[in-house]
1. Across the range 45-55, what is the number of residues that are surrounded by fewer than 19 Cβ atoms within 10 Å (Cβ to Cβ), in a loop (DSSP other than H, G, I, E, B) and in contact (Cβ under 8 Å) with a residue 40 or more places away in the chain?
2. What pairs come out if I take residues in the range 77-97 that are under 18 Å from TYR154 (Cβ atoms) and pair them with residues that are outside any helix (DSSP H, G or I) whose C-beta lies under 7 Å away, six or more apart or interchain?
3. Could you list, in sequence order, the residues of the range 164-183 that are surrounded by fewer than 22 Cβ atoms within 10 Å (Cβ to Cβ) and either assigned to a helix (DSSP H, G or I) or touching a strand residue (DSSP E or B) at 6+ places or on another chain (Cβ under 6 Å) (or both)?
4. Name the residue that is nearest to the chain's Cα centre (by Cα), counting only residues in the range 205-238 that are modelled with pLDDT under 95 and either open to solvent by 50 Å² or more (accessible area, probe 1.4 Å) or more than 16 Å from PRO143 (Cβ to Cβ) (or both).
5. Hey, could you check the range 41-76 for residues that are at pLDDT 95 or above and of a type in the set (Val, Ile, Thr) and say which is nearest to PRO232 (Cα to Cα)?
6. Answer yes or no: is there a residue in the range 143-157 that is farther than 27 Å from HIS17 by Cβ, buried (at least 16 other Cβ atoms within 10 Å of the Cβ), touching a Cys at 6+ places or on another chain (Cβ under 6 Å) and modelled with pLDDT of 95 or more.
7. Out of the residues in the range 184-213 that are assigned to a strand (DSSP E or B) and in contact with a helix residue (DSSP H, G or I) (Cβ under 7 Å, 6 or more places away or on another chain), state the one that is farthest from ASN224 (Cα to Cα).
Amino acid sequence: MSKLSGILFKGIRGLIHLFYGNCEIIGLENIPERDVILVANHTQMNGPIVGELFLPNRFYTWCAGEMMELSSVPNYAFTDFWSQKPKWTHPFYRVLSYLIAPIAVLIFGEARTVAVYRDARILTTFKETVAHLKAGNSILIFPEKDEKHNNILYVFQENFVDVARLYYKKTGRTLTFVPMYIAPKLRRAYVGDGVKYSPDAPTDEERVRICAYLSDQITEIARNLPRHTVVPYRNIPKKHYLTNQDVTEVPK
């Protein structure tokens, strides 16, 4: 971290905190002190903001590597953030995606992040993640992908669970995956009970078991809360947002 970029980042971070307000983390006692991966709903930009501002500093967030590279930010940002906005707004968001690129590289490069890639570089992601875990830090992951599951979550990408196998091989220690539901409309995030990785079970079975458990727990936490609007993974029109009490699929 250069001195200038560090100063700029702290200033931007402070402004984000000022305008975003506070978010109370309920159930921090459910998070082990080490050997833990916290898994949460992405809820658009709320997830990364909550992770950076309100979780203990030992947490490092998995972040799309494209958001850390100036040349790849515009296309990734438009596709991931704004492609589902009304088509007449697309030219505006195309321009905006280029304008935010330098700021995104600064923020995600200076924040407590681990770059995530979907090609051969995923090995780098896993190695850096294991290094943080071995050092006593914890990891925050938002594993949703663009496939609707229910009114609370999108379907999880499952391969993040494989970090636990690599970690076990390197350390002999077992990771615990802990669910967290972020409710921006309530200004709170709720941490549930974790599930331990089983190194003796087949890899494919552990992916399915752990992702199913986490998805079910996050959904259950959300539906047991007072009625509120759920901010979904995708940046869809707000008229399509559902509440935690709706049990239908999110409209396409």
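1. Of the residues in that region, 0 qualify.
2. These pairs meet every condition: PHE81/ASN235; TRP82/ASN235; GLN84/ARG234; GLN84/ASN235; GLN84/ILE236; LYS85/ASN235.
3. ARG165, LEU166, TYR168, LYS169, LYS170, THR171, THR174, THR176, listed by residue number.
4. ASN235
5. THR43
6. Yes: one or more hits.
7. Only one residue fits best here, namely VAL195.
Here's the yes/no breakdown for (1) assigned to a strand (DSSP E or B); (2) among the aliphatic types (A, V, I, L, M):
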| residue | (1), (2) |
| --- | --- |
| SER97 | no, no |
| VAL105 | no, yes |
| THR124 | no, no |
| HIS132 | no, no |
| ASN150 | no, no |
| VAL155 | yes, yes |
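The values are calculated or read from the model by the stated rules, or taken from the named source; none is laboratory data. Remember, it's a predicted structure, so these values are computed and weren't measured experimentally. Neighbour counts are summed over all protein chains in view; Cβ atoms, including those assigned to glycine, are modelled from backbone coordinates with ideal geometry. Just so you know, the surface numbers come from the protein's heavy atoms only, side chains and all, with ligands and any DNA or RNA stripped out. Shrake-Rupley method; radii C 1.70, N 1.55, O 1.52, S 1.80 Å.
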